[in-house]
1. Could you list all residues from segment A:169-204 that are within 17 Å of residue A:248 (Cβ to Cβ) and either out of contact with any helix residue (DSSP H, G or I) (no Cβ under 9 Å at 6 or more places or on another chain) or of a type in the set (Asp, Glu) (or both)?
2. Please find, within segment A:126-150, the residue that is surrounded by the most Cβ atoms within 10 Å (Cβ to Cβ) out of those that are modelled with pLDDT under 90 and among the hydrophobic types (A, V, I, L, M, F, W, C).
3. Determine if segment B:5-23 includes at least one residue that is over 19 Å from residue B:156 (Cα atoms), over 16 Å from the mean Cα position of the chain (by Cα), modelled with pLDDT under 90 and surrounded by 15 or more Cβ atoms within 10 Å (Cβ to Cβ).
4. Go over the candidates A:119, A:207, A:187, A:157 one by one and state the one that is at pLDDT 80 or above and not in a strand (DSSP E or B).
5. Of all residues in segment B:35-54, which are within 20 Å of the chain's Cα centre (by Cα), at the interface with chain A (Cβ under 7 Å from one of its Cβ atoms) and either surrounded by fewer than 21 Cβ atoms within 10 Å (Cβ to Cβ) or of a type in the set (A, V, I, L, M, F, W, C) (or both)?
6. Which of the residues that make up segment B:1-25 are among the acidic types (Asp, Glu) and out of contact with any helix residue (DSSP H, G or I) (no Cβ under 7 Å at 6 or more places or on another chain)?
7. Give the number of residues within segment B:100-131 that are part of a helix (DSSP H, G or I), crowded, with 16+ Cβ neighbours inside 10 Å, of a type in the set (Gly, Ala, Ser) and at pLDDT below 95.
8. If you go through segment A:73-86 one residue at a time, do you hit one that is at pLDDT below 95, crowded, with 17+ Cβ neighbours inside 10 Å and in contact with a Leu (Cβ under 9 Å, 6 or more places away or on another chain)?
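The values are calculated or read from the model by the stated rules, or taken from the named source; none is laboratory data. Please read all numbers here as calculations on a predicted model, not as lab measurements. Cβ placement follows ideal geometry from the backbone for every residue including glycine, while neighbour counts extend to all protein chains displayed.
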Amino acid sequence: MTHERPDGPPIGEDDLQAYVDGRLPASRREAVDAYLAVYPAAAAQVALEAEQRNLLRARLSFKAQEPIPARLRVANIMADQSREPRLPSRAIAAALAWLVIGIGTGAAGMAWYERLAPLGPAATADHATSDAITAYRTYVGERLHPVEVAADQEAHLTQWLSRRLGKPLLAPNLTAQGYQLMGGRLLPAGSEPAAMFMYDDGKGNRLTVYARSGGSGEATSFRFEVQEGVSAFSWIDKGLSYVVTGRIDRDRLLSVAEAAYRQFDALPQTPAGGKL
Amino acid sequence: MNEIAALLEPQIPGLRRYAWALVRDDEAADDLVQDTLERAIAHWAQRRQDADLRAWLFAIQRNLFISELRRRKRRGSQVDPEILDGVPAPDPRPDEAAGLRDILAGLDALPEEQRSVLLLVGVEDLSYEQAARVLGLPIGTVMSRLSRAREKMRRFMDGGRGAVLRRIK
């Protein structure tokens, strides 16, 4: 559907569509007008398409003119969200590419997905979550020795815990989320060791990042769980099971979990020096 | 908080119109919009600051709609719109014969991809770039899809009468 013209690129279907939509620059529009003057069949089609475009707009315009229902008011939606998450009627799975553009991982989208449709519960992650919450309860309230190795020895701490878990680890930097590393400790987890990092926001609110072997489990999406006021996001990635735990609301904990996920995910799998 | 409302609420009428055109049911359409807004609010912090808000919202909504469509299809409760492609248009009713065929019936005759591009560009006035982002397609594909959608709409509105003629054009 092109037409050779000496004074510009040939007319294409994109030109004709942009003509119908009134989106052509004036110079190009003149070229299309000249083309249509020569080809009445094309001119008739374009005219019909423009007419149908207008018909469709007119037919649908009523919906955009209706007053917005109260339940769609942003303030009302936000108020609802700060309570327990609504269980939406529609399960909404994939196609979240857009949502995660900003954070570069699938974590946020997956978290949402899990909230809607808790599928394929990884037993490993379940156990890890319970253990992590227990550890959180045990150590977060500890005044004298909340951590075994303090943040001033962070390099030693991560090296030590990485060696014990047999996987490269780091203490995620959560400064952007308002939390400073206090330190960490080694914990028993069945027959295996687990690592726990503890953070503080300077106002006495603490949260923990827990990691241990994820078994042979496949990578999973985020899972959210609340046990008696303690919230946890857990996931499995690259053979480790992670749990982020705190007494904060879901959205804030999610941003912490996403930050941790990103940093763990970026960790090279072959540790420098191969000292594991 | 107020900033979010100030940015989101002007988009709601368009989102409602697009949702209604897709699902053709008042309640279900607003459910879809509500899900869209909830998701947008929950992920507000992760929204890229320079990203196009309008395209982002329509992309969320369309993705939600597609997922729902797929889910129903798996359950077998939804006829694949593509299947309708080969079905000849029914005999025109008297009002249709008089040229009054509802434009929405023409919309329904299109596969979802074509329906969406027609709605996003032709009704919601998204730019071709925005539509390409919403649909996750290169802009050239958007243009040819738009062209095919309008061609199909033309043929449908012609009542199937012209379909044979046009095939040999």
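1. Matches in segment A:169-204: A:175, A:200, A:201, A:202, A:203, A:204.
2. A:128
3. The answer is no; no qualifying residue exists.
4. Just one listed residue meets the conditions, A:157.
5. Matches in segment B:35-54: B:37 only.
6. B:3, B:25
7. Number of matching residues: 1.
8. Yes, the conditions are met somewhere in segment A:73-86.
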